[in-house]
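Trainee: Right, I'll just put the structure down here and ask away after.
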Amino acid sequence: MSTTATVQLNTGASMPVLFLGTWKSQPGKVEYAVEYALKTAGYRGIDTATDYENEKEVGQGLAASGVPREDIFLTTKLDNRDHGRIEQALRDSLSSLNTPYIDLWLMHWPAPMLKEGGKLTN
């Protein structure tokens, strides 16, 4: 399958079929993987999440690729701990990724994590 294959959503938007996933991608390395995937390998879909703790570096890779932002389909996810601060969490992701918009923002986990006795639990 081609890295540039897409499907058309019912909104009319075009979404890549293949994405570069950045889970367990280390800061200091992931930005180069994102840059390479976009600039050299032809990927147009990038998937990250606040919980991966690498959104800033993913954003650096997006910028370094030279690929126009409107040609990239960017997905990130609402962190489990942020269900009580959704708007701020979105602003934080936009800032970390250094982008004016996210194409797809998913709820990473459907059960919020709550503090009980100082510990996070779901």
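Trainee: Could you give the alpha-carbon Rg of the chain over 2.2 N^0.38 Å, rounded to two decimals?
Mentor: 1.10
Trainee: If r is the Cβ-Cβ distance from Ala41 to Thr6 and R0 is 22 Å, what FRET efficiency results, to the nearest 0.05?
Mentor: Efficiency for this residue pair is about 0.90.
Trainee: Under a 5 Å amide H to amide H cut-off, with H placed in plane at 1.01 Å, what residues pair with Gly45 once short-range neighbours are removed?
Mentor: Hits under the 5 Å cutoff: Leu20, Phe73.
Trainee: Same structure, new question: Please compute the per residue accessible area over the chain with all protein chains in place, 1.4 Å probe, rounded to a whole number of Å².
Mentor: I get 60 Å² per residue for this part.
Trainee: How far, in nm, would the chain grow between Met15 and Glu53 when pulled straight, counting 0.36 nm per residue and subtracting the alpha carbon separation?
Mentor: My answer for the length gained is 11.3 nm.
Trainee: Report ³J(HN,Hα) in whole Hz for each residue of the range 44-52, in order, from the Karplus equation J = 6.51 cos²θ - 1.76 cosθ + 1.60 where θ = phi - 60°; Gly and Pro get x.
Mentor: Result, rounded to whole Hz: 10, x, 10, 10, 9, 7, 4, 5, 6.
Trainee: Residue by residue through the range 64-76, what is 3J(HN,Hα) from phi via Karplus (6.51 cos²θ - 1.76 cosθ + 1.60, θ = phi - 60°)? Round to whole Hz and write x for glycine and proline.
Mentor: 5, 5, x, 6, x, 4, 5, 8, 10, 9, 9, 10, 9
Trainee: Using modelled backbone amide H atoms (1.01 Å from N, in-plane), which distant-in-sequence or interchain residues come within less than 5 Å of Val17's amide H?
Mentor: Residues meeting the amide H criterion: Ala5, Thr6, Val7.
Trainee: Under 8 Å for C-alpha pairs, at least 6 residues apart: give me the relative contact order for the chain, rounded to a whole percent.
Mentor: The value is 21 percent.
Trainee: What is the percent carbon and sulfur in the accessible area of the chain, measuring with a 1.4 Å probe over the protein chains and ignoring ligands?
Mentor: Answer for the chain: carbon and sulfur cover 53 percent of the accessible area.
The values are calculated or read from the model by the stated rules, or taken from the named source; none is laboratory data. Predicted model only: the values in this text are computed from it and were never measured. Glycine gets a Cβ as well: all are built from the backbone with ideal geometry, and neighbour counts include every protein chain shown. All accessible areas refer to the heavy atoms of the entire protein, side chains included, with ligands and DNA or RNA removed. Shrake-Rupley method; radii C 1.70, N 1.55, O 1.52, S 1.80 Å.
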